[in-house]
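Below is one structure, written out as structure tokens; the observations come after it.
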Amino acid sequence: MTTQADPSRTQPVPLAEQPLASPFAGGGLVEVFRRRYLLKLLVRKAVRSRYQGSVLGLFWSYIQPLVRFCMYFFVIGLVLGLHKNLPNFAIHMFAAIVGVHFFTETFSSGTRSIISNKAIVRKMAMPREMFPVAAVITSAINTFPQLVILFVGSLAVGWKPDPMGLLAGVLGIAIVIVLGTALALLFSGMNVFFRDFQNIVQTFMLFTHWIVPMIYPFYKLAQSGLGRNTAFYDAYLSNPLTVAVLLLQRAFWIPTTLGKRGYPGPGRRFPDNASDVGFPVLPHHYMLLGWGMLAVSLVILVLCQMVFRSIEGKFAERL
Amino acid sequence: MVVSIVANDASKIFKMRYHRTIKQITIAAMRKQKISDSFLAVNDVSFSIEQGESVGLMGLNGSGKSTLLKLINGVMKPDSGEILTRGRIAGLIATGAGFHAQLTGRDNVYLNAAILGMSEAETNRKFDAIVEFADIGKFLDTPVGNYSSGMFARLGFAVAVHTDSDIFLIDEVLAVGDKPFKQKCLARMQEIRDEGRTMLYVSHAAASVKRMCDRVLVLEKGVLGYDGPVQEGIRYLHYEDSEDDVGTSEGDDSENESDGELGADI
């Protein structure tokens, strides 16, 4: 019945040589990845409980973006006629939907992650960053099917991946992951103190579909009166999510448009080489922007981790 | 000797907020009412416990015992002063807190064990012992949401007492299980003590503190009022005259006593 300590004990260091330390786990994100096994179990729990008792299960994570896609495609593509003017408008839009949907899901489920695990946070000691990080990974798992659809869809319309494009795609997804983790950390912590934050996040989500080039191509913005205003143009491109979306479109959409009509409007042809596609279809320094945004997102992540660490001491009493 | 738990002038302040929305706060401010109030749940507590000691933590309701235990457990952080521990901590604190109603008993054992710091191999090795201790039979593979409260608690206990640790904290009513299970728990707790782990035992039951511990800390409104041998500690608390389970059957394993000492935890 009982487990006698010594044979099963996994203690490489004798107790006397272990340091006296504060029991309040404050290892941060580093500690989270040191305890990958727990992280794995938490993610598995989240994925399972999400589709508990539903007949279609994981299939639901295809349906929502698909419905949104169809709706936008019908209204923007067919009613407003963008479908005719822009080659492979569906890919253009879907590449953006994947990025934006990944981000919004990370952000909103991350924000709720500590509150929804309050039974554990109040009573058990563990790195509290575990929950937002698990939310990010769960969102990634839920987004993966969409990425597969995007892959297959792009191949179907003649996508030929090029190395630069693939690098852009990876960079775009990396920006979303790092930024999503940072915001999930920050907002999950602040949500403990004021539940207003989950509503703030929901409100913010209303914008995300409109402030990125998803249902309109980037060149429309760049050539509009607003886009010619340098301040506005720079502000628009200083949104990491916008840059991530542009990078995803560079990866999937641009290679499918080569040689087709529509650059940068009806009548002109896209260049034959993906690398020749430049402004106004894409900002000319899009790769530089991408690396810059990744760096900025990493800085934001460090800052959010610092804020999280300074407020996590009050979680147990405020939940 | 190796020091296991140290508290240096540790304090924990709780803030009570009377109003939460802007509207309520504004009205309260206009009426010049207090918006928040704070009190010291743990006030400037210092002590040092050596490895292998078993210490009873006593005090009236609201004296800060559970808060102190949460500080030691690492769920809360002292607002001033420090609390230091050595080695891994486990205990009967909020057992089953990490259970997820929709997961099966089996999945919950693995998840709970992982939160307590066990590796997959360690859990695999102890899984049979845990299941046997919990004694929930065929319900192991059904969601814990369907468990009776006794089964739920037994499973939580089983995981907690099978965690290897250097420090073992106990703060929970043992009144959940049926009689055989209670006795199994007490036996296991004594075993844990005899393994040379540091034990901190929060209880109102003088008899069981007497049996389990060789030192007592008494908290009074957050202040450490007494630190010393068990007998005097219980006298300090004036528990001797009021509690019949101490006076009547001391050191006796009769049914009455074990009922008294288990029930008195409530």
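Which members of segment B:18-72 meet the condition of being among the charged types (D, E, K, R) and within 20 Å of residue B:90 (Cβ to Cβ)?
Going through segment B:18-72, the residues among the charged types (D, E, K, R) turn out to be B:20, B:23, B:31-32, B:34, B:37, B:44, B:50, B:53, B:65, B:70.
Of everything in segment B:18-72, those that are among the charged types (D, E, K, R) and within 20 Å of residue B:90 (Cβ to Cβ) turn out to be B:50, B:53, B:65, B:70.
Summed over segment A:20-47, residues that are modelled with pLDDT of 80 or more and facing chain B (nearest Cβ under 7 Å) total 9.
Regarding residue A:134, is this residue buried (at least 24 other Cβ atoms within 10 Å of the Cβ) and either closer than 23 Å to residue A:205 by Cβ or touching a residue at least 12 places away in the same chain (Cβ under 8 Å) (or both)?
Values: buried (at least 24 other Cβ atoms within 10 Å of the Cβ): yes; either closer than 23 Å to residue A:205 by Cβ or touching a residue at least 12 places away in the same chain (Cβ under 8 Å) (or both): yes.
So residue A:134 passes the test.
Being within 14 Å of chain A (Cβ to nearest Cβ) and at pLDDT 90 or above is the requirement here; does residue B:56 meet it? Steps first, please.
Details: within 14 Å of chain A (Cβ to nearest Cβ): no; at pLDDT 90 or above: yes.
So residue B:56 fails the test.
Answer yes or no as to whether residue B:115 is closer than 23 Å to residue A:45 by Cα, within 13 Å of another protein chain (Cβ to nearest Cβ) and touching a Leu at 6+ places or on another chain (Cβ under 6 Å). Criteria not met by residue B:115.
Could you please let me know if residue B:101 is more than 8 Å from chain A (Cβ to nearest Cβ), under 25 Å from residue A:129 (Cα atoms), in a loop (DSSP other than H, G, I, E, B) and modelled with pLDDT under 90? Spell out the reasoning first.
Working: more than 8 Å from chain A (Cβ to nearest Cβ): yes; under 25 Å from residue A:129 (Cα atoms): yes; in a loop (DSSP other than H, G, I, E, B): yes; modelled with pLDDT under 90: yes.
Yes.
Among the residues of segment B:80-130, the one identified as within 23 Å of the chain's Cα centre (by Cα), of a type in the set (Val, Ile, Thr) and more than 21 Å from residue B:170 (Cα to Cα) is B:123. Being modelled with pLDDT under 85, within 21 Å of residue B:5 (Cα to Cα) and hydrophobic (A, V, I, L, M, F, W, C): is that true of residue B:83 here? Considered against the rule, which asks whether it is modelled with pLDDT under 85, within 21 Å of residue B:5 (Cα to Cα) and hydrophobic (A, V, I, L, M, F, W, C), residue B:83 comes out as no. Hey, does segment B:39-48 have a residue that's out of contact with any Asp or Glu (no Cβ under 8 Å at 6 or more places or on another chain) and either farther than 30 Å from residue B:211 by Cβ or in a loop (DSSP other than H, G, I, E, B) (or both)? For segment B:39-48, residues out of contact with any Asp or Glu (no Cβ under 8 Å at 6 or more places or on another chain) and either farther than 30 Å from residue B:211 by Cβ or in a loop (DSSP other than H, G, I, E, B) (or both): present. Tell me whether segment A:126-138 contains one or more residues that are of a type in the set (Lys, Arg), within 14 Å of chain B (Cβ to nearest Cβ) and in contact with a helix residue (DSSP H, G or I) (Cβ under 8 Å, 6 or more places away or on another chain). Checked against the condition, which is being of a type in the set (Lys, Arg), within 14 Å of chain B (Cβ to nearest Cβ) and in contact with a helix residue (DSSP H, G or I) (Cβ under 8 Å, 6 or more places away or on another chain), segment A:126-138 yields at least one hit. Annotation: of all residues in segment B:65-79 being touching a Leu at 6+ places or on another chain (Cβ under 7 Å) and over 12 Å from residue B:7 (Cβ atoms), the one that is nearest to the other protein chains (Cβ to nearest Cβ) is B:73.
Among the listed residues A:140, A:119, A:90, identify the single one that is of a type in the set (A, V, I, L, M, F, W, C) and either under 21 Å from residue A:207 (Cα atoms) or in contact (Cβ under 8 Å) with a residue 40 or more places away in the chain (or both).
On the way: A:140 fails: either under 21 Å from residue A:207 (Cα atoms) or in contact (Cβ under 8 Å) with a residue 40 or more places away in the chain (or both); A:119 fails: either under 21 Å from residue A:207 (Cα atoms) or in contact (Cβ under 8 Å) with a residue 40 or more places away in the chain (or both).
Within the list A:140, A:119, A:90, the selection yields A:90.
Could you check segment B:1-19 and list, in sequence order, the residues that are assigned to a loop (DSSP other than H, G, I, E, B) and more than 9 Å from every other protein chain (Cβ to nearest Cβ)?
Answer for segment B:1-19, where residues must be assigned to a loop (DSSP other than H, G, I, E, B) and more than 9 Å from every other protein chain (Cβ to nearest Cβ): B:1, B:18, B:19.
Restricted to segment B:86-98, and to residues there that are β-branched (Val, Ile, Thr) and part of a strand (DSSP E or B), the residue that is modelled with the lowest pLDDT is B:93. Scanning segment B:190-232 for residues that are surrounded by fewer than 20 Cβ atoms within 10 Å (Cβ to Cβ) and touching a Pro at 6+ places or on another chain (Cβ under 8 Å) yields B:214, B:215. Return yes or no: is residue B:141 within 13 Å of chain A (Cβ to nearest Cβ) and at negative phi? No; evaluated as a whole, the condition is false for this residue. Selection over segment B:126-144 of residues that are among the charged types (D, E, K, R), under 25 Å from residue B:88 (Cβ atoms) and surrounded by fewer than 17 Cβ atoms within 10 Å (Cβ to Cβ) gives a count of 2.
All of A:164, A:93 fail the test of being surrounded by fewer than 21 Cβ atoms within 10 Å (Cβ to Cβ) and in a helix (DSSP H, G or I), apart from A:164.
None of B:23, B:77 is within 20 Å of the chain's Cα centre (by Cα), more than 16 Å from residue B:218 (Cα to Cα), of a type outside the set (S, T, N, Q) and surrounded by fewer than 24 Cβ atoms within 10 Å (Cβ to Cβ) except B:77. Residues that are at pLDDT 95 or above and of a type in the set (Val, Ile, Thr) were ranked within segment A:172-201; the one that is nearest to residue A:111 (Cα to Cα) is A:181.
In this structure, is residue A:87 of a type outside the set (Lys, Arg), under 30 Å from residue B:50 (Cβ atoms) and either crowded, with 20+ Cβ neighbours inside 10 Å or more than 14 Å from chain B (Cβ to nearest Cβ) (or both)? First the steps, then the outcome.
Working: of a type outside the set (Lys, Arg): yes; under 30 Å from residue B:50 (Cβ atoms): no; either crowded, with 20+ Cβ neighbours inside 10 Å or more than 14 Å from chain B (Cβ to nearest Cβ) (or both): yes.
Judged against the criteria, residue A:87 is not a match.
Filtering segment B:53-89 to residues that are among the hydrophobic types (A, V, I, L, M, F, W, C) and in contact with a His (Cβ under 9 Å, 6 or more places away or on another chain) leaves B:58, B:60.
Across segment A:212-233, the number of residues qualifying as surrounded by fewer than 16 Cβ atoms within 10 Å (Cβ to Cβ) and either over 29 Å from residue A:77 (Cβ atoms) or among the aliphatic types (A, V, I, L, M) (or both) comes to 3. Only one of the numbered conditions (1) assigned to a loop (DSSP other than H, G, I, E, B); (2) of a type in the set (S, T, N, Q); (3) free of Cβ contacts under 8 Å to residues at least 24 places away in the same chain is violated by residue B:24, and that is (1).
Taking the numbered list (1) in contact (Cβ under 8 Å) with a residue 60 or more places away in the chain; (2) facing chain B (nearest Cβ under 10 Å); (3) not in a loop (DSSP other than H, G, I, E, B) in turn, residue A:58 passes all entries but (2).
The values are calculated or read from the model by the stated rules, or taken from the named source; none is laboratory data. Computed from a predicted model, the values in this text were never measured in an experiment. Every residue, glycine among them, receives a Cβ derived from its backbone with ideal geometry; neighbour counts consider all protein chains shown.
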